[in-house]
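Working notes for the structure below.
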Amino acid sequence: MAEIVLRSVCFDYSSAVPVFREPGITLALPQAAIALIGENGAGKTTLTKLLNGLLRPRTGSVVVAGTPVAERSVAQMAPVIGYAFQNPDDQLFERTVRDEVAFGPRVMGRPRETVQAAVDRALDLCGLAGQASTHPHDLVLAERKWVTIASALAADPPVVVLDEPTLGQDWAGRERLRALVRALGGQGRLVLVVTHDIDFVAQACDWTVVLTRGLVRYSGRTALAFADEGRMEEAGLELPAGTRLARALGADPAPVGDEAFAAWYRVRPA
Amino acid sequence: MTPVIAMAAARYRYPETDHDALGPVDLAIGPGEWVGVVGPTNAGKSTLCYVIIGLAPQFFGGRLRGEVSVFGSPTASQPVNERSRRAGLLFQNPFTQLSGARERVDEEVAFGPEAHGLPQAEVEERVAEALRLTGLQDLRARHPLDLSGGQLQRLALAALLAMRPELLLLDEPTSQLDPAGSRALFDVLRGLHAAGTTIVMVEHRLEAVAAMCPRVIALGEGRLLADGAPAEVFNRPEVQASAGIPAFARLAALVGKGPPLPVTFESAVEALRG
Amino acid sequence: MARGLSLYAEGSSPLHRAHPLTKATLTLCAIGLAFILPSWPLVLGVGVALLSLLAAAGVLRRFLFVAAGLLVPITLLLALVQSLANPHNQTVILPLGPLAVHREGLYIGLLAALRIADLVAATFLFSFTTRPADLAEALMQRGLSPRFGYVIQSALQIIPQSLETADRIRDAQRARGLETEGPLPRRARAFIPLLLPLVLSALVATQERAMALEVRGFGLKVGRLARYRIPDSLGQRVLRWGLALAVVAALAARLRGWL
């Protein structure tokens with residue numbers, strides 16, 4: 001069953017600059033680790049904001065985890081879809097990391113014990129267990145971003161949106177993120193990763209959506225997303241490192257992801 | 001030749017902390033070098049930039065020991081705005097480095113040259129050049145607040161380039177850019193490098209560092225872990241354990257090639273062909 | 001996603017082209033006259049003059065739109081409170097049970113509202129037709145220090161910048177489950193999570209901005225050159241002095257009891 005369904009969604013900020021024009025975006029996404037990629041201005045952030053009602057479509061419908069978004073307020077969507085926005089400083093305000101992460105489930109009115117346990121789990125997943133009592137603003141940017149990711153997970157939503165999570169992350173942070181995204185996808189959640197980090201997509205996401213100037217150019221398995229080089233070029237995207245390398249070594253179709261690369265290399269024709 | 005940056009046993013500690021955020025560091029960077037700086041979060045990469053430009057300690061307070069000089073003069077002896085005539089720093093956050101006082105992109109770019117008291121004709125020439133280099137000509141009349149994150153980052157760079165620094169410090173310059181934007185930025189940097197600008201670039205994308213910087217320094221817990229050519233630095237186990245491994249090296253390791261691991265696309269193709 | 005970021009409305013009317021100091025003088029004098037002149041026909045006269053200027057600048061509709069929301073409630077409130085409770089009230093024009101609407105209070109309330117309307121109109125006339133950068137530039141060309149000029153320019157940008165940040169904060173907190181609409185108690189509870197990030201990020205931004213300004217050479221002692229020429233004219237200079245004299249004359253007349 002598709003977790004996110006968009007039907008003929010048209011949207012514009014003003015009639016002069018349509019983002020999603022007629023006949024609109026139609027898209028069904030499964031429970032998986034999903035990458036949303038495309039050049040700056042392709043409409044990626046706009047698309048994610050339509051999923052919880054921060055933006056309302058001009059026409060068409062959006063259903064997330066069985067919930068028609070049109071019937072809910074943004075706040076009512078929060079238990080269904082968790083967000084980690086790009087800039088942590090737009091939301092951090094509590095005195096400790098723990099309180100910050102607990103904020104979401106608390107305003108949703110969840111019982112104290114449930115919140116406690118969910119917060120502990122989220123802090124663990126995000127490598128923040130040791131910093132639960134730290135003031136969020138005493139952390140560096142990369143760590144503050146993890147606080148927002150933990151906040152998005154603390155309400156245990158079936159759908160999670162991560163907007164450019166790899167930005168500013170060091171190698172270890174990126175590895176942790178990869179493990180997290182894979183784990184969430186494996187738990188039957190839908191985790192939507194908006195990113196420019198194509199290598200991360202190849203390593204962490206099973207499904208990829210390519211957006212170009214407000215149009216869905218591809219939505220399907222990541223393994224096949226990079227087959228069409230023209231499409232990638234049009235979307236202003238690069239190939240993942242392994243795919244690029246294999247292609248240079250003569251692979252066609254070229255493998256996507258580390259395992260696929262290693263498997264291909266082992267049996268490659270001499 | 002006098003190094004552009006010379007640090008000897010330099011140590012810096014932020015106020016109200018009990019450990020050195022940087023150092024001791026010994027480092028000499030010569031004119032025209034392009035040096036990549038890698039390392040994990042909290043390794044002292046941004047602090048290194050602040051120490052070189054003089055914000056640490058002049059702005060932050062805290063305590064700087066050892067010697068740090070830029071263009072031959074100790075950073076302690078010269079105000080930061082005075083040093084801006086020859087050295088520039090691109091901060092991580094593109095939004096907060098805007099003046100916050102200008103309503104057009106081109107006026108924002110003119111801020112630095114105007115602060116330097118340049119004649120109007122030269123200010124205009126430099127603004128035009130900086131906008132052209134960063135591809136912002138078409139947005140010159142826009143309000144800075146109407147720009148996207150990637151465009152803001154290009155604007156911040158343009159504002160810096162208009163000051164024509166001989167030394168350019170960049171703290172994660174591609175963090176807001178899409179692949180096309182990153183490629184364009186790197187093209188600009190290649191041009192500046194060819195023209196003799198000294199560049200120090202903090203960057204998490206190790207592939208980019210390996211491909212472009214002839215010299216890499218790796219920081220860990222405020223100290224220099226390694227300093228040398230990318231192929232050498234990224235093959236050090238202590239660097240791999242902290243800063244990580246460039247993608248092509250990771251793939252080569254995965255199929256049992258190396259050590260030494262190839263760190264760039266070209267060398268990986270060659271190594272894996274065999 | 002272009003959006004109006006300062007009150008300035010692009011235009012080419014004579015008012016738009018006038019020197020910022022002329023407009024500033026005009027605004028201050030109009031406000032001065034509105035509060036000095038004692039009777040309603042004169043205060044109304046100031047208002048009519050301001051409205052014609054707003055119309056000449058092509059921003060009348062914009063003004064009426066903004067002013068309606070601001071001035072209608074103020075007028076009603078002043079008229080109501082004064083007509084019911086002013087100590088000078090004597091003549092009842094409308095009895096309301098234990099209370100009564102009085103002629104004297106109504107007059108005082110409406111006159112006060114009219115003065116506030118003049119003040120608002122004058123302020124908007126200036127903001128709609130003057131680019132903040134031009135004002136700061138004009139002041140700096142008259143010897144204001146660049147540091148102070150920067151303070152003026154950045155202060156004028158703080159509101160649009162904060163609005164932008166406040167929008168993002170509201171989005172982020174609503175996405176975490178915070179209801180920001182609905183009954184008052186609910187909105188009151190949302191206050192802290194909306195306000196604190198704004199304050200904290202403003203503090204962080206101020207620090208980073210101060211650093212960035214240093215790195216961009218701000219505050220160097222250089223002979224500052226005019227960025228661009230702001231046209232002034234003899235006529236405008238005469239007008240400015242004339243307006244100032246008019247206010248002084250009105251004040252003197254008022255104090256002497258001639259008005």
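Quick check, is B:Ala253 surrounded by fewer than 18 Cβ atoms within 10 Å (Cβ to Cβ) and within 18 Å of the chain's Cα centre (by Cα)? Taking the combined requirement at face value, the residue does not satisfy it. From the list A:Arg58, A:Arg21, the lone residue that is surrounded by fewer than 22 Cβ atoms within 10 Å (Cβ to Cβ), touching an Asp or Glu at 6+ places or on another chain (Cβ under 7 Å) and modelled with pLDDT under 95 is A:Arg58. The residues listed here are B:Val239, B:Val202, B:Val263; of these, the one that is within 25 Å of A:Leu237 (Cα to Cα), within 12 Å of chain A (Cβ to nearest Cβ) and under 20 Å from the mean Cα position of the chain (by Cα) is B:Val202. So is B:Val239 crowded, with 19+ Cβ neighbours inside 10 Å, outside the structural domain of B:Val70 (by the TED database) and on the phi < 0 side of the Ramachandran plot or not? It is true that B:Val239 is crowded, with 19+ Cβ neighbours inside 10 Å, outside the structural domain of B:Val70 (by the TED database) and on the phi < 0 side of the Ramachandran plot. Please verify whether segment A:246-257 includes one or more residues that are in contact with a helix residue (DSSP H, G or I) (Cβ under 7 Å, 6 or more places away or on another chain) and in a helix (DSSP H, G or I). Checking segment A:246-257: at least one residue is in contact with a helix residue (DSSP H, G or I) (Cβ under 7 Å, 6 or more places away or on another chain) and in a helix (DSSP H, G or I).
Taken together, the residues in segment C:141-153 that are part of a helix (DSSP H, G or I) and surrounded by fewer than 20 Cβ atoms within 10 Å (Cβ to Cβ) amount to 6.
Going through (1) under 26 Å from C:Glu208 (Cβ atoms); (2) in contact with a Lys or Arg (Cβ under 8 Å, 6 or more places away or on another chain) one by one, A:Ala155 falls short only on (1).
Screening segment A:3-39 for residues that are free of Cβ contacts under 8 Å to residues at least 60 places away in the same chain and outside any strand (DSSP E or B) and picking the one that is farthest from the other protein chains (Cβ to nearest Cβ) gives A:Ser15. Number of residues in segment C:31-80 that are part of a helix (DSSP H, G or I), closer than 21 Å to C:Gly109 by Cβ and of a type in the set (Gly, Ala, Ser) equals 7. Of the residues making up segment B:64-80, just one is under 17 Å from B:Ala21 (Cβ atoms) and touching a residue at least 60 places away in the same chain (Cβ under 8 Å), namely B:Val68.
Just for segment C:179-215: of the residues that are outside any helix (DSSP H, G or I) and in contact with a Leu (Cβ under 8 Å, 6 or more places away or on another chain), which one is farthest from A:Arg144 (Cα to Cα)? Across segment C:179-215, the extreme among qualifying residues is C:Thr180. Could you tell me whether any residue of segment A:201-220 is within 21 Å of B:Val269 (Cα to Cα) and either of a type in the set (Lys, Arg) or in contact with a Lys or Arg (Cβ under 7 Å, 6 or more places away or on another chain) (or both)? Taking every residue of segment A:201-220 in turn, at least one turns out to be within 21 Å of B:Val269 (Cα to Cα) and either of a type in the set (Lys, Arg) or in contact with a Lys or Arg (Cβ under 7 Å, 6 or more places away or on another chain) (or both).
Per-residue answers, yes or no, for (1) among the acidic types (Asp, Glu); (2) within 14 Å of chain B (Cβ to nearest Cβ); (3) surrounded by fewer than 15 Cβ atoms within 10 Å (Cβ to Cβ):
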{"residue": "C:Ile158", "(1), (2), (3)": "no, yes, yes"}
{"residue": "C:Glu179", "(1), (2), (3)": "yes, no, no"}
{"residue": "C:Leu239", "(1), (2), (3)": "no, no, no"}
{"residue": "C:Val247", "(1), (2), (3)": "no, no, no"}
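Within the span defined as segment A:132-147, every residue fails to be under 18 Å from A:Ala78 (Cβ atoms), assigned to a loop (DSSP other than H, G, I, E, B) and away from every other protein chain (no Cβ under 11 Å).
Looking at A:Ala183, A:Ala262, just one residue is within 9 Å of another protein chain (Cβ to nearest Cβ) and part of a helix (DSSP H, G or I), and that residue is A:Ala262. When you scan segment A:213-225, do you find a residue that is in contact (Cβ under 8 Å) with a residue 40 or more places away in the chain, in a loop (DSSP other than H, G, I, E, B), within 13 Å of another protein chain (Cβ to nearest Cβ) and buried (at least 18 other Cβ atoms within 10 Å of the Cβ), even just one? Within segment A:213-225, none of the residues are in contact (Cβ under 8 Å) with a residue 40 or more places away in the chain, in a loop (DSSP other than H, G, I, E, B), within 13 Å of another protein chain (Cβ to nearest Cβ) and buried (at least 18 other Cβ atoms within 10 Å of the Cβ). What tally of residues in segment C:189-213 results from selecting those that are more than 7 Å from chain A (Cβ to nearest Cβ) and more than 19 Å from A:Pro105 (Cα to Cα)? The total comes to 14.
The criterion of at least 3 residues that are modelled with pLDDT of 95 or more, within 14 Å of chain C (Cβ to nearest Cβ) and touching a His at 6+ places or on another chain (Cβ under 8 Å) is met by none of the helices (runs of 4 or more DSSP H) wholly inside segment B:36-88.
Taken over segment A:45-77, residues that are more than 9 Å from chain C (Cβ to nearest Cβ), closer than 26 Å to C:Ala190 by Cα and among the β-branched types (Val, Ile, Thr) amount to 6. For segment B:180-195, the criterion of being buried (at least 21 other Cβ atoms within 10 Å of the Cβ) and in a loop (DSSP other than H, G, I, E, B) is met by no residue.
The values are calculated or read from the model by the stated rules, or taken from the named source; none is laboratory data. All values derive from a computational prediction rather than experimental measurement. Cβ atoms come from the backbone with ideal geometry, glycine included; neighbour counts cover every protein chain shown.
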